[in-house]
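S.K.: My questions all concern the structure below.
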Amino acid sequence: MNGFEIIKKVAEESREELVACRRDFHKHAETGWYEMRTSSIIARKLTDMGYEVLTGEDVCDRDARMGVPSEEELEKGYQRAIEQGADPEFVQRTRGGMTGVIGILRCGEGPTVAYRFDIDALGVFESAEEDHRPTAEGFASVNYGSMHACGHDGHATIGLGVAKALMAVKDQLHGTVKLIFQPAEEGVRGAKSIVEKGHLDGVDYFIGSHLTRKPEGDPADFAPGSYGSLATTKYDVIFHGLAAHAGGAPEKGKNAMLAAATAVLNLYAIPRHNDGATRINVGRLIAGSGRNVICDEAKLEIEVRGATTKLNDYVSEYAERILKSAAAMHDCTVEMHLMGASESQTSDEDFCMQIHKVCTEKLGLVPVAAPLIRKNGGSEDIAYMMNRVQEQGGKASFMRLMTTMSAPGHNRRYDFDEAVLKQGVKAFAGMALYLLSK
Ligand SMILES: [Zn+2]
């Protein structure tokens, strides 16, 4: 049997195992930097399959992680992971939010192929309604307030399926495969720390993917690439003022709320840019302690975006000037904390065409109707990985795996058709076989 046939067979035969794995991750959803149970299970499975496995400090650069929760909260997450059946050996390496796993398969001389599978859940309260399948079938999240509402439970599962399929064709591979299980994609917080650790250096071919909604009855399995995700930067902004009696001595206060409000209005007044799209959003404003007190602290959660990294920098620098000026107007001070960031990305067109050819001709997958290379909405920190690979002359693509969904991503009733899992396994494993069997 040729390698592609073996991969197809393994993927088809793994169907139930893939579904069980996805449902286990779904039930024990962990948000960014809390993926301790998830990481420990991935590390255990990869180790048992015979992969060289990197965990803990070896995956993410500790200081390049963004938007990391407090030590105290992470410790609660660690205890929860243990209670929920984390692998006792590997979970220790994740303590303090050092999540993420890399599985490496070395098959002698040849190119390096790297894949990214993100593994984190979202801060969403999953629907408890009986017509929501995860609830009806008993795999809804037991971690209330954390939910796989973006399909990363599927991504992580596909990664493990790929690991198994590649082991079955190992003797036909010439080169190295790296399977990167990335933490904290939501909020674009994790990818950069993996890039900073050097894991994308020397990679010749790189692919990531995201489950993407298709209409009911559409036969498409995949889009070979995408372009145009927005560069972005996320900040927590804190204005510090001075509290005073609002009736007795208002002139002695420094009003942090006023500084914050001035900032909010002016952030939305940043001029558009002739070179392309920009965005700004203030998603949250928390200020003050009581009716008769001059507010001494105000917090904003903001994000900026741009069609290119340069456009994002334009909005980001403008925003910083406004925040500082608004603070100065009211004699307050301001701190900006970086909570997440990503660049823009574009898949290599010639590489996308290779993916298209292999997936259709060798694996029998159905491509989307034109355009084959889809425009991304939103932002994705896979861009850091793609850009690092492309800067060094490698090829990269951010694919789409098409599936029907019960609700849009980030919705509390989100669920997807699990048939996509085996199709994703075929696409990734098949591409590695194609790239490494020459
Ligand atoms: Zn996602």
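The values are calculated or read from the model by the stated rules, or taken from the named source; none is laboratory data. Everything quoted here is computed from the prediction, not taken from an experiment. In this analysis, Cβ positions are derived from the backbone assuming ideal geometry, glycine residues included, and neighbour counts consider all displayed protein chains.
S.K.: Determine if segment 156-171 includes at least one residue that is buried (at least 24 other Cβ atoms within 10 Å of the Cβ), within 13 Å of the chain's Cα centre (by Cα) and touching a residue at least 24 places away in the same chain (Cβ under 8 Å).
M.R.: Yes: segment 156-171 contains one or more residues that are buried (at least 24 other Cβ atoms within 10 Å of the Cβ), within 13 Å of the chain's Cα centre (by Cα) and touching a residue at least 24 places away in the same chain (Cβ under 8 Å).
S.K.: Which is among the hydroxyl-bearing types (Ser, Thr, Tyr) and over 33 Å from the mean Cα position of the chain (by Cα), of Ser316, Ser342, Ser289? Write out each step before concluding.
M.R.: Working: Ser316 fails: over 33 Å from the mean Cα position of the chain (by Cα); Ser342 fails: over 33 Å from the mean Cα position of the chain (by Cα).
That would be Ser289, the only listed residue that is among the hydroxyl-bearing types (Ser, Thr, Tyr) and over 33 Å from the mean Cα position of the chain (by Cα).
S.K.: Another question, then. I'm checking my understanding of the structure. Among residues of segment 376-399 that are farther than 30 Å from Val142 by Cβ and within 15 Å of the ligand (Cβ to nearest atom), which one is surrounded by the fewest Cβ atoms within 10 Å (Cβ to Cβ)? Walk me through it before giving the result.
M.R.: As a first pass, look at segment 376-399 and keep what is farther than 30 Å from Val142 by Cβ: 376-377, 383-399.
Applying the additional criterion that residues be within 15 Å of the ligand (Cβ to nearest atom) yields 376-377, 383, 385, 398-399.
Values: Asn376: 20, Gly377: 9, Ala383: 28, Met385: 28, Phe398: 28, Met399: 26.
Going through the qualifying residues, I end up with Gly377.
S.K.: Can you name the number of the only condition in (1) away from the ligand (no atom under 16 Å from the Cβ); (2) at pLDDT below 95; (3) of a type in the set (Ser, Thr, Tyr) that Ser229 fails?
M.R.: Going through the list (1) away from the ligand (no atom under 16 Å from the Cβ); (2) at pLDDT below 95; (3) of a type in the set (Ser, Thr, Tyr), Ser229 breaks only (1).
S.K.: I'd like to verify a number: residues in segment 102-116 that are among the hydroxyl-bearing types (Ser, Thr, Tyr) and within 22 Å of the chain's Cα centre (by Cα), how many?
M.R.: At the first step, the residues of segment 102-116 found to be among the hydroxyl-bearing types (Ser, Thr, Tyr) are 112, 115.
Within this subset, residues satisfying the condition of being within 22 Å of the chain's Cα centre (by Cα) are 115.
The total comes to 1.
S.K.: So, in segment 362-395, exactly how many residues are part of a strand (DSSP E or B) and closer than 15 Å to Ala223 by Cβ? Write out each step before concluding.
M.R.: Taking segment 362-395 as the starting set, the residues that turn out to be part of a strand (DSSP E or B) are 367, 373-375, 395.
Adding the requirement that they be closer than 15 Å to Ala223 by Cβ leaves 367, 373-375.
So the count comes out to 4.
S.K.: Looking only at residues that are of a type in the set (A, V, I, L, M, F, W, C), more than 16 Å from the ligand (Cβ to nearest atom) and part of a loop (DSSP other than H, G, I, E, B) in segment 142-186, which one is farthest from Val19 (Cα to Cα)?
M.R.: Within segment 142-186, the subset of a type in the set (A, V, I, L, M, F, W, C) is 142, 147, 149-150, 156, 158, 160, 162-163, 165-169, 173, 177, 179-181, 184.
Imposing the further condition that a residue be more than 16 Å from the ligand (Cβ to nearest atom) reduces the set to 142, 160, 162-163, 165-169, 173, 177, 179.
Next, only the ones that are part of a loop (DSSP other than H, G, I, E, B) stay: 142, 169, 173.
Values: Val142: 18, Val169: 22, Leu173: 27 Å.
The qualifying residue farthest from Val19 (Cα to Cα) is Leu173.
S.K.: Among the residues of segment 396-413, which ones are more than 17 Å from the chain's Cα centre (by Cα) and assigned to a loop (DSSP other than H, G, I, E, B)?
M.R.: Hits for segment 396-413 are Thr404, Ser406, Ala407, Arg412, Arg413.
S.K.: Please state which one of Phe428, Phe351, Phe416 is within 26 Å of Lys27 (Cα to Cα) and more than 16 Å from the ligand (Cβ to nearest atom).
M.R.: Values: Phe351 fails: within 26 Å of Lys27 (Cα to Cα); Phe416 fails: more than 16 Å from the ligand (Cβ to nearest atom).
After applying the criteria, what remains is Phe428.
S.K.: Cβ-Cβ distance below 6 Å, separation of 6 or more or different chains: which pairs start in segment 132-150 with a residue that is farther than 21 Å from Glu185 by Cα and without any contact (Cβ under 8 Å) to a residue 12 or more places away in the chain and end on one that is more than 16 Å from the ligand (Cβ to nearest atom) and in a loop (DSSP other than H, G, I, E, B)?
M.R.: Pairs found: Thr135/Ala128; Ala136/Glu130.
S.K.: For Met402, are the conditions met, namely being hydrophobic (A, V, I, L, M, F, W, C), more than 16 Å from the ligand (Cβ to nearest atom), out of contact with any Pro (no Cβ under 7 Å at 6 or more places or on another chain) and closer than 26 Å to Ala307 by Cβ? Working first, answer last.
M.R.: Values: hydrophobic (A, V, I, L, M, F, W, C): yes; more than 16 Å from the ligand (Cβ to nearest atom): no; out of contact with any Pro (no Cβ under 7 Å at 6 or more places or on another chain): yes; closer than 26 Å to Ala307 by Cβ: yes.
The answer is no for Met402.
S.K.: Moving on. Considering only residues of segment 329-361 that are outside any helix (DSSP H, G or I) and of a type in the set (A, V, I, L, M, F, W, C), which is farthest from Gly424 (Cα to Cα)? Before you say what the answer is, go through the steps one by one.
M.R.: Here is the first cut: in segment 329-361, the ones outside any helix (DSSP H, G or I) are 330-348.
Next cut, of a type in the set (A, V, I, L, M, F, W, C) only: 332, 334, 336, 338-339, 341.
Details: Cys332: 52, Val334: 46, Met336: 40, Leu338: 34, Met339: 31, Ala341: 27 Å.
That would be Cys332.
S.K.: Quick one: in segment 252-286, of everything that is in contact (Cβ under 8 Å) with a residue 40 or more places away in the chain and under 23 Å from Gln345 (Cβ atoms), which residue is nearest to the chain's Cα centre (by Cα)?
M.R.: Among residues in segment 252-286 that are in contact (Cβ under 8 Å) with a residue 40 or more places away in the chain and under 23 Å from Gln345 (Cβ atoms), the one nearest to the chain's Cα centre (by Cα) is Arg279.
S.K.: Exactly one of these conditions fails for Ile270: (1) part of a loop (DSSP other than H, G, I, E, B); (2) in contact with a Lys or Arg (Cβ under 9 Å, 6 or more places away or on another chain). Give me its number.
M.R.: Unmet condition: (2).
S.K.: State which residue is nearest to the ligand (Cβ to nearest atom) when the search covers only segment 187-219 and only residues that are closer than 18 Å to Ala407 by Cα and of a type outside the set (A, V, I, L, M). Working first, answer last.
M.R.: Of all residues in segment 187-219, those closer than 18 Å to Ala407 by Cα come to 210-218.
Okay, now just the ones that are also of a type outside the set (A, V, I, L, M), so 210, 212-218.
Values: His210: 6, Thr212: 10, Arg213: 12, Lys214: 16, Pro215: 20, Glu216: 21, Gly217: 24, Asp218: 20 Å.
Out of the qualifying residues, it is His210.
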